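Enquirer: One structure follows; several queries about it will come next.
Taken together, the values in this text are just the output of simple stated rules run on the coordinates, not laboratory data. Please read all numbers here as calculations on a predicted model, not as lab measurements. Backbone-built Cβ (ideal geometry, glycine too); neighbour counts: all protein chains shown.
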Amino acid sequence: MRLLVVGAGATGGYFGGRLAAAGRDITFLVRPRRADRLKAEGLQILSPHGNLTLKPQLAIAGDITEPFDALLLSVKAFSLDQAIDDIALGVGPETMIVPVLNGMKHIDVLRARFGDSAVVGCACRIASAVDEEGRIIQLTGLHDLAYGEMNGVLSARIKRLDDFMQSAGFNATLSPSIECEMWEKWVMLATVGAVNCLMRGTVGEVVAASGGVRFALQVLGEVVATVTALGHPPSQQFVASTLEFVTAKNSSATSSMYRDMLRGSHVEADQIIGDLLARARLADVSTPMLETAYAHLCVYQNRVIAEPQT
């Protein structure tokens, strides 16, 4: 199997790097500036599971002229439209697109462009970042990648993908209920993202503040009410674990969206919070806390867009 990893950042770089180190046929599609750095310094991963440096096989936009067996799409959601144009010639009739993106809107976008059958469900759980030296830093020991057919069928192609992903230095799971896992991940991302970004603090800092726990519980309640009204209720066990996560004392946990905000980068406000709000309105669910968090994020995002990029 030949896999094209679209993006070599905190997520794609980590999982793609582990796969490449395990001897899989991996090509990274990256921007010219990232390609130059990777050629000069290699793809570097600093991880509790062991550090890694390798010379990856690289491509830039325009180099892709024939289909791959699978694509691991790991760009930020606000870069999806450009990425779709870049990968178009890499998608053939049998290609599996495995998107490691947040929210659910990207599924609709990819299906509209490439057809329903091209898209495989995927949910990853990892806390990682790219530092100023271009190295991928794994912040915790969590590195889980789940995938499966959106309809839950254990097809021949998904079993082949599973064989490809196994024993590559991370936890790979073929899930018969991947759509449910994707919705539950959205619950977690929207809740923690709203809590961190609106309060401008870690989970522990919010919990320690007056009214912090009540605020976190209200946000979680709105998110759960929304996805339940949309026909995708999270399990009671998942809600309980999420509740425990967002009310943990002294927790240093933060969402990737909050970490992006601290760096002054673009954030996935529209995809993680905005799209959820749009669906909540259609389902007639009241979401005052989420609306406040989204307005706050829009103020921040508009400022970032207006500032000249260096």
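Enquirer: Collect residues whose amide H, placed 1.01 Å from N in the peptide plane, falls under 5 Å from the amide H of Asp25; neighbours closer than 5 in sequence don't count.
Expert: Under 5 Å from the amide H of Asp25: Leu3.
Enquirer: If you average the alpha carbon positions of segment 169-195 and of segment 1-24, how far apart do those two centres end up, in angstrom?
Expert: Answer, in whole Å: 20.
Enquirer: To continue, here is another question. Placing +1 on the Cβ of each Lys and Arg and -1 on the Cβ of each Asp and Glu in the chain, which of Leu145, Gly211, Ala172 has its Cα farthest towards the positive end of the resulting dipole?
Expert: Gly211
Enquirer: How large is the helix-only mean residue ellipticity at 222 nm for the chain, computed as the sum of -39500 (n - 2.57) over DSSP H runs with n ≥ 4, divided by its residue count, in deg cm²/dmol to the nearest 500? Could you put the intermediate results ahead of the total?
Expert: Working: 12 runs with 139 residues, N = 310.
Rounded to the nearest 500, the figure is -14000 deg cm²/dmol.
Enquirer: Let me ask something additional. Of the listed peptides 269-275, 223-229, 131-137, what is their order by residue-averaged count of other C-beta atoms within 10 Å, with the highest listed first?
Expert: Answer by packing, highest mean first, reads 269-275, 223-229, 131-137.
Enquirer: What aspartates and glutamates could a cross-link reach from Lys55, if we take a straight Cα to Cα line under 17 Å and drop same-chain neighbours fewer than 8 places away?
Expert: Asp25, Asp36, Glu41, Glu133
Enquirer: Turning to a different aspect of this structure: Using the Karplus curve 6.51 cos²θ - 1.76 cosθ + 1.60 with θ = phi - 60°, what ³J(HN,Hα) values do you get for each residue of segment 64-70, in whole Hz, with x for Gly and Pro?
Expert: 7, 10, 9, x, 9, 6, 8
Enquirer: OK, next. Please list, ordered by chain and number, the residues whose modelled amide H lies under 5 Å from the amide H of Met150; skip anything fewer than 5 residues away on the same chain.
Expert: Residues meeting the criterion, in which the H sits 1.01 Å from N, are Gly121.
Enquirer: I've got another one for you. Over the chain, what relative contact order in percent results from Cα pairs under 8 Å that are six or more residues apart?
Expert: For the chain, the relative contact order is 15 percent.
Enquirer: If you don't mind, there's one more thing I want to ask. Dipole magnitude of segment 2-176 about its Cα centre, charges +1 at Lys/Arg Cβ and -1 at Asp/Glu Cβ only, in debye to the nearest 20?
Expert: Numbers: 18 positive and 19 negative charges, 43 e Å.
Around 200 debye, computed over segment 2-176.
Enquirer: Related question: Using the crude model of +1 on Lys and Arg Cβ and -1 on Asp and Glu Cβ, and no other charge, please compute the dipole size for segment 159-230 relative to its Cα centre, in debye to 20.
Expert: 140 debye
Enquirer: Sticking with this one: Step through the residues of segment 209-219 one at a time and calculate ³J(HN,Hα) from phi using the Karplus curve (6.51 cos²θ - 1.76 cosθ + 1.60, θ = phi - 60°), rounding each to whole Hz and writing x for Gly and Pro.
Expert: Each residue's phi maps through the Karplus curve to give 7, 4, x, x, 5, 4, 4, 4, 5, 5, 4 Hz.
Enquirer: Oh, and also: Which percent, to the nearest 5, of DSSP beta bridges fully inside the chain are antiparallel?
Expert: Of the beta bridges lying entirely in the chain, close to 35 percent run antiparallel.
Enquirer: Taking amide hydrogens as modeled 1.01 Å from N in the peptide plane, which residues meet the under 5 Å criterion relative to Leu142, leaving out close sequence neighbours?
Expert: Ala127
Enquirer: Describe numerically, in nm with one decimal, the distance between label points set 7 Å from Cα along Cα→Cβ at Ser155 and at Val304.
Expert: Taking the two extended label points, one gets 3.4 nm.
Enquirer: Multiplying the sequence separation of Lys55 and Glu41 by 0.36 nm and subtracting their Cα-Cα distance, what value in nm do you get? Provide the component values of the computation, followed by the final result.
Expert: On the way: separation 14, 0.36 × 14 = 5.04 nm, distance 0.81 nm.
Once the chain is fully extended between Lys55 and Glu41, it gains 4.2 nm.
Enquirer: Then there is this: If one takes the longest principal axis of the Cα atoms in the chain, at what angle in degrees, from 0 to 90 and to the nearest 10, does the Cα axis of helix 12-21 lie?
Expert: Helix 12-21 sits at roughly 40 degrees to that axis.
Enquirer: First measure r as the distance between the Cβ atoms of Arg200 and Glu291, then evaluate 1/(1 + (r/R0)^6) with R0 = 22 Å and state the FRET efficiency to the nearest 0.05. List each step's numbers first, then the result.
Expert: Numbers: r = 18 Å, r/R0 = 0.81.
FRET efficiency, Arg200 to Glu291: 0.80.
Enquirer: A further question follows. Residue-wise, which Karplus ³J(HN,Hα) couplings in Hz belong to segment 162-175, taking 6.51 cos²θ - 1.76 cosθ + 1.60, θ = phi - 60°, and x for glycine or proline?
Expert: Values per residue, Gly and Pro as x: 4, 4, 5, 7, 5, 6, 10, x, 8, 7, 10, 9, 8, 9 Hz.
Enquirer: Taking 0.36 nm per intervening residue step and subtracting the Cα-Cα distance, what contour gain separates Asp85 from Leu243 on full extension?
Expert: 52.9 nm
Enquirer: Would you mind ranking Arg279, Arg18 by Cβ crowding within 10 Å, fewest neighbours first? Please list the in-between numbers first.
Expert: Working: Arg279 17, Arg18 24.
The most exposed by this proxy come first: Arg279, Arg18.
Enquirer: Still on this model: Angle, helix 288-306 long axis vs. longest principal axis of the chain, Cα atoms, 0 to 90°, nearest 10?
Expert: The helix 288-306 is inclined about 50 degrees to the chain.
Enquirer: Taking the Cα centre of the chain as origin and charging only Cβ (+1 Lys, Arg; -1 Asp, Glu), how large is the dipole, in debye to the nearest 20?
Expert: The calculated dipole for the chain is roughly 480 debye.
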